[in-house]
Amino acid sequence: EDDNDAPVAKITTSKVVQAKATQPRKGASIAAKTDRFTIQITSKRMLNDAQLFSQKMISKGYDAYIQKAVFDTDEIWYRVRVGSYDNYNSAKASADALSGELGMATWVDFVRKER
């Protein structure tokens, strides 16, 4: 007998994507301080755009800063980042809250050293 009203357990899966060894993630070659985490909000090609976004975040009370990322192709991006955290979990909790407030994706990364 088939009972269509029976509760069904919802199964969720997360997809893990492996990066190709021949194509490192953009900016991965920039030295990282693996004991400190930060939240990246956006990345801009123009310094002025990054400065405007950063100032907007600072005016809202965030400790925003700009990190210049130079890639092997001499391509330059200006990353707008917020905070410095001792552990991933606290950075992730703040990133999720910030993402909700801004209505845009944020992510946690290591604090990186400029080169």
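Results, tabulated for the structure shown:
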read-out: Near pairs, Cβ below 6 angstrom, 6+ apart or cross-chain, from the stretch 41-59 (free of Cβ contacts under 8 Å to residues at least 24 places away in the same chain) to any residue that is surrounded by 12 or more Cβ atoms within 10 Å (Cβ to Cβ) and of a type outside the set (S, T, N, Q); value: ILE58/ALA64
read-out: The lone exception for GLU101 - which of (1) under 12 Å from the mean Cα position of the chain (by Cα); (2) surrounded by fewer than 19 Cβ atoms within 10 Å (Cβ to Cβ); (3) not aromatic (Phe, Trp, Tyr) it fails; value: (1)
read-out: Every pair of residues 6+ apart whose Cβ atoms lie under 7 Å, when the first sits in the stretch 81-96 and is closer than 14 Å to ARG36 by Cβ while the second is among the charged types (D, E, K, R) and loosely packed, with under 14 Cβ neighbours inside 10 Å; value: VAL82/ASP63; GLY83/ASP63
read-out: Per-region count, the stretch 59-96, residues in a loop (DSSP other than H, G, I, E, B) and touching a strand residue (DSSP E or B) at 6+ places or on another chain (Cβ under 8 Å); value: 5
read-out: Total residues in the stretch 97-115, condition in contact (Cβ under 8 Å) with a residue 24 or more places away in the chain and in a loop (DSSP other than H, G, I, E, B); value: 5
read-out: Given (1) outside any helix (DSSP H, G or I); (2) aliphatic (A, V, I, L, M); (3) at pLDDT 95 or above, number of the condition ALA21 does not satisfy; value: (3)
read-out: Residue, surrounded by the most Cβ atoms within 10 Å (Cβ to Cβ), within the stretch 65-80, restricted to residues that are of a type in the set (Val, Ile, Thr) and under 16 Å from ASN48 (Cα atoms); value: VAL80
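Residues are listed down the side, and each one gets a yes or a no for (1) modelled with pLDDT under 95; (2) within 16 Å of THR106 (Cα to Cα):
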{"residue": "GLU1", "(1), (2)": "yes, no"}
{"residue": "ALA32", "(1), (2)": "yes, no"}
{"residue": "ARG36", "(1), (2)": "yes, no"}
{"residue": "LEU52", "(1), (2)": "no, no"}
{"residue": "TYR65", "(1), (2)": "no, yes"}
{"residue": "PHE71", "(1), (2)": "yes, no"}
{"residue": "ASN89", "(1), (2)": "no, yes"}
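The values are calculated or read from the model by the stated rules, or taken from the named source; none is laboratory data. Computed from a predicted structure; not experimentally measured. We place every Cβ from the backbone using ideal geometry, glycine too, and count neighbours over all the protein chains shown.
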